[in-house]
Amino acid sequence: MPVTGTLSRKFYEKLGDEVTSELVAWLNAVDESYRREFRELFEAHFGRFDERLKAFEVRFEVALKAVDARSEVGLLGVQARFEAGLQVVETRFDAGLRAVEARFDAGLKAVEARFDAGLKAVEARFEARQDAFEARFDAKLDALESGVRRQLEAVKSELLRWLFLFWVGTMGTALALLKL
């Protein structure tokens with residue numbers, strides 16, 4: 001069951017919904033794959049423990065049948081050995097369980113560390129790409145602005161020439177009409 005990450009609105013505004021959704025989906029997929037790997041590792045270790053426990057149960061059942069075949073007098077000795085064996089099994093079980101818990105905790109910490117390292121690497125690559133994009137965008141915007149300024153200067157110059165031409169023509173016409 002993946003935990004859907006939520007990102008700030010600024011993140012969505014900078015990158016867009018599609019890229020942000022893709023990043024969230026990727027993070028959820030990474031989380032799910034780590035969980036699956038961890039689950040498989042735990043099941044494999046627990047399976048071996050379960051096999052050992054079943055083998056012990058088989059040996060125990062054989063020993064119990066041998067005890068049943070003996071007489072009532074030997075039953076007390078078998079019972080004492082059984083209790084001692086059970087104590088040993090409990091001790092081994094507790095030790096095995098602690099070992100499994102320790103390996104589980106170590107595996108979980110390793111997975112968390114790998115996930116954190118992967119996330120930091122992704123963040124660093126994302127920030128580098130964002131910085132490069134911003135630099136390219138700023139350069140293109142500056143080039144566009146200077147091009148627009150040059151075109152406006154050219155249009156302004158041309159308009160002044162036409163304005164002067166029409167003014168001279170108008171003045172010439174006005175002077176000619178005044179002399180008539």
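The values are calculated or read from the model by the stated rules, or taken from the named source; none is laboratory data. Given the structure is predicted, the values throughout are model-derived calculations rather than measurements. Using ideal geometry, Cβ is built from the backbone for each residue, glycine included, and neighbour counts are taken over all protein chains shown.
Here are the numbers for the structure shown:
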| item | result |
| --- | --- |
| Residues satisfying the stated conditions in segment 15-32, i.e. more than 29 Å from residue 109 (Cβ to Cβ) and touching a helix residue (DSSP H, G or I) at 6+ places or on another chain (Cβ under 7 Å) | 20 |
| Matching residues in segment 20-58 - criterion: being loosely packed, with under 13 Cβ neighbours inside 10 Å, under 30 Å from residue 129 (Cα atoms) and not small (Gly, Ala, Ser) | 22, 26 |
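Every residue, every condition in (1) at pLDDT below 90; (2) in contact with a Cys (Cβ under 6 Å, 6 or more places away or on another chain); (3) under 30 Å from residue 11 (Cα atoms), yes or no:
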{"position": "33", "(1), (2), (3)": "no, no, yes"}
{"position": "53", "(1), (2), (3)": "yes, no, no"}
{"position": "59", "(1), (2), (3)": "yes, no, no"}
{"position": "82", "(1), (2), (3)": "yes, no, no"}
{"position": "90", "(1), (2), (3)": "no, no, no"}
{"position": "120", "(1), (2), (3)": "no, no, yes"}
{"position": "125", "(1), (2), (3)": "no, no, yes"}
{"position": "135", "(1), (2), (3)": "no, no, yes"}
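Matching residues to (1) surrounded by 10 or more Cβ atoms within 10 Å (Cβ to Cβ); (2) touching a helix residue (DSSP H, G or I) at 6+ places or on another chain (Cβ under 9 Å); (3) not aliphatic (A, V, I, L, M):
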| position | (1), (2), (3) |
| --- | --- |
| 98 | yes, no, yes |
| 103 | yes, yes, yes |
| 114 | yes, yes, yes |
| 125 | yes, no, yes |
| 130 | yes, yes, yes |
| 137 | yes, no, yes |
| 147 | yes, no, yes |
| 160 | yes, no, no |
| 172 | yes, no, yes |
